[in-house]
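Here's the structure we're looking at; comments come further down.
Since every read-out is calculated from the coordinates, none of them should be taken as a lab result. None of these values were measured; they are calculated from a predicted model. Every residue, glycine among them, receives a Cβ derived from its backbone with ideal geometry; neighbour counts consider all protein chains shown.
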Amino acid sequence: MTTRYITTPIYYLNGEPHLGHVYTTIAGDVLARYWRLAGAQVKFLTGTDEHGQKVAQAAALAGESPQAYTDRLAKLFFEMCRKINASEDIFIRTTEKRHHEAAKALWTKLEDAGHIYKSSYKGWYAVRDEAYYEESEIVEGKAPTGAPVEWMEEASYFFKLSAWERPLLDYYEANPDAIAPIGRRNEVISFIKSGLRDLSISRTKFSWGVAVPSDPEHVMYVWIDALTNYITALGYPNIKSEDFKIFWPESIHLIGKDILRFHAVYWPAFLMAAGLEPPHRIFAHGWWTCDGKKMSKSLGNVVNPFELINAYGLDQVRYFLMREIPFGQDGDYSDTAITQRINSDLANDLGNLVQRVLSFIYKNVEAKIPEPEELLGEDREMLAKAAALHDLLREDMEGQALQGYCQHIWEVIREANRYVDAQKPWSFKKSENPKDLARMNTILYVLVEVIRHVAIYVQPLMPASASKILDQLGQSERTFEALKTPLKSGTSLSEPHGLFPRREL
Ligand code: ME8
């Protein structure tokens with residue numbers, strides 16, 4: 001049986017959810033929904049990263065205890081998932097007891113196997129990135145990401161990362177698809193080749209985190225704690241559990257390109273050192289900007305995802321985010337771009353196709369799916385294009401090509417609109433000739449069958465809108481399996497209503 005374990009990053013609780021968080025979570029949701037409809041066994045994980053200096057500082061700034069603060073903010077992220085119709089199976093919080101236990105177990109495993117030693121750290125640290133930087137990486141007193149850095153000197157435990165250069169390179173050579181897109185893979189490989197230094201993995205200057213089991217004066221570096229969430233959720237340290245055995249080998253970590261190094265260098269090294277398999281695949285997507293500029297609080301151009309959803313509608317936003325840019329590349333948000341996308345793809349293409357076909361049947365063919373007569377070449381061609389989606393879309397989803405998934409469906413939608421224009425079913429309406437009526441019924445049947453395919457495949461992208469279309473078509477079987485059986489004639493249609501109103505700029 002096909003199995004997929006799809007994860008998003010767990011988000012820092014240092015502020016409210018923003019467009020970037022919504023983006024990765026929707027991408028994960030689209031994949032999870034697709035694989036469920038394909039009959040796969042799926043686990044979709046998201047959640048919150050609640051420890052470390054950055055979150056502790058945010059709590060202090062808010063005048064709250066870290067626990068009260070993270071409880072309050074975790075709710076906002078959980079709510080975000082509800083507002084974007086995410087279908088996560090697990091929402092994990094790193095403050096949960098099971099997670100503390102898993103992180104401690106991983107530490108102990110690494111320590112017992114001799115991968116951890118005690119020393120002291122001296123160097124630069126950026127709280128905003130929760131990352132250490134080399135002297136050579138500092139640009140004009142800042143981290144390469146632009147984050148402010150501070151000088152740190154403290155007793156610390158180290159993970160022997162330097163020992164994992166060769167095993168990591170070997171692993172990535174043997175598993176060319178382990179990191180995607182390819183450019184990110186190359187980036188990781190050249191980073192590893194440039195030499196890995198041992199990694200400081202504990203702190204003593206603050207206490208908001210998971211205590212080091214053998215030395216509770218230390219708290220774990222937030223990244224070793226956070227990355228462990230992916231296996232906490234599968235029952236680690238019980239690696240004999242069904243969940244761990246089934247899902248870990250099929251893991252897909254969706255992340256933004258900002259956190260590639262943590263996922264593709266540190267995480268696989270920790271796992272290999274603990275005797276576990278590295279993640280099966282890491283997909284690092286690109287970065288959203290707004291009107292060509294980096295979104296930042298000081299520029300005042302941070303796109304609030306909830307305002308966006310209120311203004312344009314949830315499914316419109318979900319579709320826009322998946323369709324607008326190739327998954328893996330950077331993209332730019334603008335009101336113009338989303339408006340154009342809604343008007344062309346949703347109102348003109350999909351909305352118009354469904355509306356013109358279903359209202360015609362509703363008004364003129366007793367509101368029932370007509371019986372087809374003899375299929376002509378053009379009918380077969382149209383049906384073949386819809387049937388071909390099955391393999392094309394599966395290939396897209398195997399490669400996380402979310403934009404390609406949209407494009408392939410929309411090619412069929414546009415083709416169906418051309419087919420309506422060319423076949424002109426309405427031209428037969430008044431004819432007394434039974435042959436003409438039979439032709440009209442055949443054309444309409446073909447169209448409903450194409451719309452059924454489209455709506456079933458659109459479900460992962462726009463669950464609510466797809467469900468409305470399938471309701472109007474009277475279809476209760478909605479998995480990809482259902483498409484193996486031809487559309488049944490005679491099913492009653494319900495009164496069609498417009499789906500995607502046009503937007504003014
Ligand atoms: O990094 N465009 O959490 P975080 C696209 N806690 N995606 C964006 C984005 C943007 N402008 N801004 C944010 C952390 N993202 C850690 C992760 S995982 C074990 C720990 C998305 O709250 C993108 O997925 O800073 C990015 O990787 C993530 O939010 C960073 O979220």
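Taking the Cα atoms only, what angle lies between the long axis of helix 19-37 and the longest principal axis of the chain, rounded to 10 degrees?
So the inclination is approximately 60 degrees.
Distance check, please: which entries in K122/K160; K160/K257; K83/K294; K83/K257; K97/K118 exceed 19 angstrom between their Cα atoms? If you can, show how the numbers build up before the last one.
Details: K122/K160 16 Å; K160/K257 25 Å; K83/K294 25 Å; K83/K257 25 Å; K97/K118 26 Å.
In this structure, K160/K257; K83/K294; K83/K257; K97/K118 lie more than 19 Å apart at Cα.
Sum up the charges of everything whose Cβ sits under 11 Å from the Cβ of E154, counting Lys and Arg as +1 and Asp and Glu as -1, but leave E154 out.
Values: positive: K122, R203, K205; negative: E153, E217.
Result for the neighbourhood of E154: +1.
Provide the per-residue ³J(HN,Hα) series for region 206-223, in order, calculated from phi with Karplus coefficients 6.51, -1.76, 1.60 and θ = phi - 60°, each as a whole number of Hz, with x at glycine and proline positions.
Running phi through 6.51 cos²θ - 1.76 cosθ + 1.60 with θ = phi - 60° gives 8, 10, 7, x, 8, 5, 5, x, 8, 7, x, 5, 9, 10, 5, 3, 4, 6 Hz.
May I ask you to compute the full-extension gain from K97 to I182, defined as 0.36 nm times their residue separation minus their alpha-carbon distance, rounded to one decimal in nm?
On the way: separation 85, 0.36 × 85 = 30.60 nm, distance 3.76 nm.
Taking 0.36 nm per residue and subtracting the Cα distance, the gain is 26.8 nm.
Given region 335-484, what whole percent of its Cα pairs are spread farther than 28 Å? Before the final figure, lay out the partial values.
Working: 2123 of 11175 pairs.
More than 28 Å apart: 19 percent of the Cα pairs in region 335-484.
Rounded to the nearest 0.05, what FRET efficiency is calculated for N175 and W426 with R0 set to 56 Å and r the Cβ-Cβ distance?
Details: r = 56 Å, r/R0 = 0.99.
Step by step, r from the Cβ atoms, then E = 0.50.
Tell me the net charge near N301. Cut-off is 10 Å between Cβ atoms, N301 excluded, with +1 for each Lys or Arg and -1 for each Asp or Glu. Write out the running numbers ahead of the final one.
Numbers: positive: K293, K294, K297; negative: D291.
Charge balance near N301 sits at +2.
Just to be sure I understand the model, the point goes 7 Å from the Cα along the line to the Cβ. What's the resulting R478 to A337 distance in nm?
Spacing of the two 7 Å Cα→Cβ label points: 3.0 nm.
When the label point is put 7 Å from the Cα of N348 along its Cα-to-beta-carbon vector, which residues of region 450-493 have a backbone N closer than 15 Å?
From region 450-493, the list is empty.
Can you work out the FRET efficiency for the pair D291 and V139, with r the C-beta to C-beta distance and R0 = 22 Å, to the nearest 0.05? Numbers along the way, then the final one.
Values: r = 26 Å, r/R0 = 1.17.
The formula returns an efficiency of 0.30 here.
If you place +1 on the Cβ of every Lys and Arg, -1 on the Cβ of every Asp and Glu, and leave all else neutral, what size is the dipole of region 335-484 about its Cα centre, to the nearest 20 Debye?
Values: 18 positive and 23 negative charges, 100 e Å.
With Lys and Arg at +1 and Asp and Glu at -1, about 480 debye.
At 25 °C and 0.890 mPa s, what whole-number value in µm²/s does Stokes-Einstein give for the translational diffusion of the chain, with Rh from the Kirkwood sum over Cα pairs? Let's see the in-between values first.
Numbers: Rh = 25.0 Å.
Answer from the Stokes-Einstein relation: 98 µm²/s.
Rounded to the nearest 500, what is the chain's calculated 222 nm mean residue ellipticity when only DSSP H runs of at least 4 contribute -39500 (n - 2.57) each, over all residues?
It comes out at -14000 deg cm²/dmol, rounded to the nearest 500.
Give me the angle, in degrees from 0 to 90, between the Cα long axis of helix 352-364 and the longest principal axis of the Cα atoms of the chain, rounded to the nearest 10.
Once rounded, one gets 40 degrees.
Given bins 5 angstrom wide, list per bin the percent of all Cα-Cα distances in region 177-268, short to long.
Taking all Cα pairs of region 177-268, the binned fractions are 3, 11, 18, 17, 19, 17, 12, 3, 0 percent.
From the residues I282, S467, S202, which one has its Cα farthest along the dipole of the chain in the positive direction, the dipole being from +1 and -1 charges on Cβ of Lys/Arg and Asp/Glu about the Cα centre?
After comparing all options, I get S467.
Report the far tail of the P(r) of region 3-286, meaning the percent of Cα-Cα pairs longer than 28 Å.
Working: 13524 of 40186 pairs.
Roughly 34 percent, rounded to a whole number.
What does the highest-first list of 99-106, 34-41 look like by mean Cβ count within 10 Å?
Details: 99-106: 21.6, 34-41: 17.8.
Taking the mean over residues of other Cβ atoms within 10 Å, the ranking is 99-106, 34-41.
Full extension from E415 to A68: what is 0.36 nm times the residue separation minus their Cα-Cα distance, to one decimal in nm?
Working: separation 347, 0.36 × 347 = 124.92 nm, distance 5.48 nm.
That works out to 119.4 nm of additional length.
List the relative contact order of the chain as a percent without decimals, with contacts defined as Cα pairs under 8 Å and 6+ residues apart. Intermediate values should be presented prior to the final figure.
Values: 792 pairs, mean separation 77.7, N = 505.
About 15 percent, as a whole number.
Determine, for each peptide in 443-456, 358-371, 182-195, the mean count of other beta carbons within 10 angstrom over its residues, then list the peptides with the highest first.
Details: 443-456: 24.1, 358-371: 17.6, 182-195: 14.6.
Ranked by mean Cβ neighbours within 10 Å, highest first: 443-456, 358-371, 182-195.
Contour minus end-to-end for E381 and E495, with contour as 0.36 nm per residue of separation and end-to-end as the Cα-Cα distance?
Details: separation 114, 0.36 × 114 = 41.04 nm, distance 2.88 nm.
Computed gain between E381 and E495 is 38.2 nm.
To test your reading of the geometry: what angle, between 0 and 90 degrees and rounded to tens, separates the Cα axis of helix 182-193 from the longest principal axis of the chain?
Long axis of 182-193 versus the principal axis of the chain: about 10 degrees.
What order do you get for 273-285, 218-230 when each peptide is scored by the mean count of other beta carbon atoms within 10 Å, highest first? Before the final figure, lay out the partial values.
On the way: 273-285: 19.7, 218-230: 25.0.
Listed from highest to lowest mean packing, they are 218-230, 273-285.
Among S214, A38, L161, whose Cα projects farthest towards the positive end of the dipole of the chain, with charges put on the beta-carbon of Lys, Arg (+1) and Asp, Glu (-1)?
Farthest towards the positive end: A38.
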